[in-house]
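Scroll down for the structure; my scribbles are underneath it.
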Amino acid sequence: MAKKKNSSDKAPVFKHEAYIEGSGSVVDQHITDVLKSNYMPYAMSVIVSRALPEIDGFKPSHRKLLYMMYKRGLLSPDKERSKSANVVGETMKLNPHGDQAIYETMVRLTRGNESLLHPYIDSKGNFGKQYSSKTRFAAARYTEVKLEKICNELFRDIDHDTVDFVPNYDNTMQEPTLLPATFPTVLVNSNTGIAVSMASNVCPFNLAEICETTIALMKDPNHDILSTLKGPDFPGGGFLLYDEAELGKVYETGRGSLKVRSKYSFDSDSKCIEVTQIPYTTTVEAIQDKIIELIKAGKIREISDVRDETDINGLKLAIEVKRGTDPDKLMQKLYRLTPLQDSYPCNFNILIAGTPKVMGVREILTEWTAFREECVMRRTYFDLQKKKEKLHLLEALSKILLDIDKAIKIIRETEEEADVVPNLMIGFGIDEIQAEYVAEIKLRNINRQYILRRVEEVDQLRKDIAEMEDILRDKKKIRKIIIEELKEVSKNYAQPRRTFFYYQSDVEEEEDVDDTPDYAVNLFVSESGYFKKITPQSLRMSSEQKLKDGDYISQTFEATNKTDLIFFSDKAQAYKSKASAFDDTKASVMGDYVPAKLSFDEGENLRLMIPTTDYSGYIIFFFENGKAAKIPLKSYETKTNRKKLANAYSDKSPLVAAVFVNEDADILIRTTSGHALVFNSGMILPKSTRDSQGVQVITLRKNAQLASAKTITEEEAPELEKYRAKSVPAAGKPAKELGDSNQLSFT
């Protein structure tokens with residue numbers, strides 16, 4: 001039996017030194033205060049320390065990785081490649097993220113991945129491809145890396161106090177806050193990042209053009225950038241659709257959209273279009289999937305096969321075309337409908353002194369110039385101090401040169417070691433630092449030849465110091481140094497442009513016209529919902545229709561391949577399609593099952609189909625309750641490509657039949673009680689809404705329902721004239737009940 005709980009038991013008391021008063025209590029706080037205190041620090045961390053590049057062109061994850069590789073000596077030309085896993089492990093000393101995240105960062109920086117115009121990492125092994133979503137990189141234990149030669153320009157003079165260093169996350173070592181790059185890496189290689197509430201997307205530019213533009217802007221702040229910086233240069237090549245106005249907008253504001261299209265060639269022998277360069281923003285799989293989708297939808301009929309033939313030699317998408325196809329016109333169509341032509345959205349959002357800022361090319365290069373000026377000044381000042389220190393020591397040697405024997409005598413006659421430095425200071429009139437330097441000279445070096453050789457440097461040092469002091473006083477000389485460095489970088493690392501231009505006069509701007517082939521067809525709809533599109537030639541060869549047991553052809557039309565088709569279901573819905581969306585077939589096949597082809601709802605069946613080219617005429621819906629609604633076919637015309645229309649007709653009473661009339665015609669309706677009525681469709685006024693309940697066209701006897709409706713042919717008219725109604729009542733007014741003399745027998 002369970003022990004009965006004693007209500008007098010006191011709540012347990014926790015006695016702990018770390019117990020905080022008020023812990024566990026519920027405090028009411030505004031949601032805005034909670035978001036500010038909890039989410040805001042995370043958002044700022046993502047913006048400032050993760051997602052956005054800085055003026056040196058790198059995100060923190062890139063910078064930490066490259067710096068650790070530099071510290072491992074992987075920039076030395078004599079150093080062999082190291083396993084990627086080793087580099088990833090070393091980088092974790094600076095980057096507290098997981099090894100997979102660090103490795104994925106490395107992958108994008110490698111030559112093998114082909115993401116960057118100027119890769120920073122020389123790679124060996126499979127690093128995947130930027131232009132392929134299915135080509136995955138190998139594990140870190142299988143690949144090897146070292147730094148590319150261009151990284152010399154990233155780390156030049158980094159040990160000369162050119163940039164600030166800060167402790168790493170566990171305070172065990174120092175890391176640079178920026179890299180003292182000697183060229184504007186921020187615009188040479190692409191960079192994409194998504195932060196909280198903001199993003200960055202910087203397109204790459206040709207190195208030679210960027211260096212030339214930077215030099216020109218340093219000489220003239222009003223320089224016309226378009227004259228030297230022609231446009232982006234993507235690693236994957238392709239053609240940029242040159243729009244000077246849009247480029248100018250990007251250069252001035254940092255925002256805009258640039259169109260890039262693929263490069264292709266046509267092999268006339270194999271009837272194959274070979275695409276070898278695609279836009280940087282897409283993948284070969286995305287293009288292939290879109291082309292296949294268009295082929296299945298019947299929007300492209302000129303292609304017989306499309307396959308990805310990318311191999312070790314590079315990207316290649318093969319598109320086999322049918323005989324008689326113009327490859328250039330087909331490619332113009334594919335440019336409009338597939339990612340073979342894509343847009344690159346520019347958003348030059350860069351961190352400047354810890355603050356995100358969207359800038360144009362002019363402002364970015366101005367900021368980089370200021371950053372580089374500071375690097376050169378700090379380097380010059382650092383070197384100046386070192387040379388001054390060296391000169392200070394050599395000046396002591398100059399004094400010793402006057403009397404070497406005296407220096408030896410002072411050292412030899414000094415009884416205590418601690419008195420050597422003070423005695424040298426007194427004997428030669430030098431300070432403590434100089435005396436320490438003299439005292440540390442090896443005995444073998446205390447000779448006239450050694451001292452003369454060292455003293456000869458004094459004049460050169462004084463000359464260098466004077467030049468450095470002059471540089472620090474004159475900003476123009478600092479800029480001259482930067483310009484010389486940019487010229488050297490351009491000379492050593494520039495490469496030919498990969499992305500060329502389509503100028504407006506070269507681009508065939510075609511309107512998005514419907515080039516669906518038009519020809520005569522016969523359309524057949526069966527009672528159970530099967531559809532066939534048969535050409536007259538094929539129909540003449542075999543007129544016997546293949547159908548399911550018990551099925552029969554309920555509708556037949558002569559139309560064209562461009563005819564619009566409206567399929568009405570028994571659930572008051574209409575589905576729109578085109579005859580061209582269905583394959584040509586033969587009478588000897590079953591055809592397409594419309595509910596499956598057009599994705600009808602579950603349990604939904606086809607009632608009738610209406611073909612049209614101009615949406616003229618009317619549909620008259622007849623319901624079991626004796627009402628009829630006359631709806632203009634224009635009500636089903638849509639400006640957009642909607643495939644499904646709800647409330648296609650009224651669902652208040654079950655639909656019995658629907659009759660399409662281009663102009664007023666005589667219609668025969670019959671009831672389950674054996675009565676009939678003939679009237680002209682012009683006697684019913686059209687309704688503007690598709691789901692109108694209509695008007696009462698016949699008064700039904702008790703338990704009777706409307707059974708059928710059809711138009712009357714000229715041959716049937718004389719026989720049925722006696723059943724004609726003189727008028728059809730308006731909605732709400734009962735019709736006269738027909739007498740037995742008007743009764744018909746159903747056949």
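No lab work stands behind these numbers, since they all come straight from the coordinates. Everything numeric here is computed off the predicted structure, so don't read it as measured data. Glycine gets a Cβ as well: all are built from the backbone with ideal geometry, and neighbour counts include every protein chain shown.
First measure r as the distance between the Cβ atoms of Lys546 and Lys702, then evaluate 1/(1 + (r/R0)^6) with R0 = 45 Å and state the FRET efficiency to the nearest 0.05. The calculated FRET efficiency here is 0.50.
Computed per residue of the chain from DSSP H runs no shorter than four, each worth -39500 (n - 2.57), the mean residue ellipticity at 222 nm is -9500 deg cm²/dmol. Positive end of the dipole of the range 345-472 (Cβ unit charges, origin at the Cα centre): among Asn349, Tyr450, Ile471, the Cα lying farthest that way belongs to Asn349.
Modelled spin-label separation between Asn171 and Val358, with each label point placed 7 Å from Cα along the Cα-to-Cβ direction: 4.1 nm.
The candidate values were (i) 155, 96, 50; (ii) 192, 67, 54; (iii) 81, 71, 67; the one computed from these coordinates for Cα extents along the principal axes in Å carries the label (i).
What does the charge count near Ser588 come to, summing +1 for each Lys or Arg and -1 for each Asp or Glu among other residues with Cβ under 12 Å from its Cβ?
Surrounding charge for Ser588 is +2.
Here Lys249 is the anchor, and the lysines within straight C-alpha reach of less than 18 Å, apart from those fewer than 8 places off in the same chain, are Lys230, Lys259, Lys357.
For Asp311 and Glu714, what is the calculated FRET efficiency with R₀ set at 60 Å and r taken between the beta-carbons, to the nearest 0.05?
0.30
Can you tell me what share of the DSSP beta bridges in the chain is antiparallel? A percent to the nearest 5 is fine. Taking every DSSP beta bridge with both residues in the chain, the antiparallel ones total about 95 percent.
For Glu209, what is the net charge nearby, where nearby means another residue's Cβ is under 15 Å from its Cβ and Lys, Arg count +1, Asp, Glu -1?
Values: positive: Lys230, Arg362, Lys487, Lys491, Arg497, Arg498; negative: Glu212, Asp224, Asp233.
Combined, the nearby Lys, Arg, Asp and Glu give +3.
Straight-line cross-link reach from Lys476 at under 24 Å between alpha-carbon atoms covers these lysines, not counting any fewer than eight positions away in the same chain: Lys219, Lys386, Lys387, Lys388, Lys463, Lys487, Lys491. Distance between the pseudo-spin-label points of Lys487 and Leu226 (7 Å out from Cα toward the beta carbon): 2.9 nm. Along the range 112-126 the Karplus relation, 6.51 cos²θ - 1.76 cosθ + 1.60 evaluated at θ = phi - 60°, assigns HN-Hα couplings of x, 6, 6, 8, 10, 5, 10, x, 9, 10, 7, 10, 9, x, 8 Hz to successive residues, with x for each Gly and Pro. Each Lys or Arg adds one and each Asp or Glu subtracts one; over the other residues with Cβ under 9 Å from the Cβ of Pro235, this totals -1.
Ordering 626-632, 661-667 by mean Cβ neighbour count within 10 Å, with the highest value first, yields 626-632, 661-667.
Gain in length, Ala138 to Glu373, computed as 0.36 nm per residue apart minus the alpha-carbon separation, to one decimal in nm? Mind dumping the intermediate values first?
Working: separation 235, 0.36 × 235 = 84.60 nm, distance 4.14 nm.
That pair, Ala138 and Glu373, stretches by 80.5 nm at full extension.
The dipole here belongs to the chain: it is taken about the Cα centre, uses +1 on the Cβ of Lys and Arg and -1 on the Cβ of Asp and Glu, and is about 1860 debye. A convex hull fitted to the Cα coordinates of the range 263-339 yields 88 cubic angstrom per residue.
Quick check on my link table: of Lys263/Lys296; Lys533/Lys722; Lys263/Lys290; Lys129/Lys299; Lys134/Lys263, which ones sit more than 28 Å apart, alpha carbon to alpha carbon?
Working: Lys263/Lys296 25 Å; Lys533/Lys722 40 Å; Lys263/Lys290 17 Å; Lys129/Lys299 30 Å; Lys134/Lys263 21 Å.
Cα-Cα > 28 Å for Lys533/Lys722; Lys129/Lys299; rest within.
Scalar couplings 3J(HN,Hα) for the range 292-308, obtained by applying the Karplus form with A = 6.51, B = -1.76, C = 1.60 to θ = phi - 60°, are 4, 4, 5, 5, 5, 7, x, 7, 10, 10, 8, 9, 9, 6, 9, 8, 8 Hz; x denotes Gly and Pro. With the simple model of a label 7 Å out from the Cα in the direction of the Cβ, Met44 to Asn152 spans 4.2 nm. Sorting the segments 609-620, 432-443, 105-116, 161-172 by their residues' average number of neighbouring beta-carbon atoms within 10 angstrom, most packed first, yields 105-116, 609-620, 432-443, 161-172.
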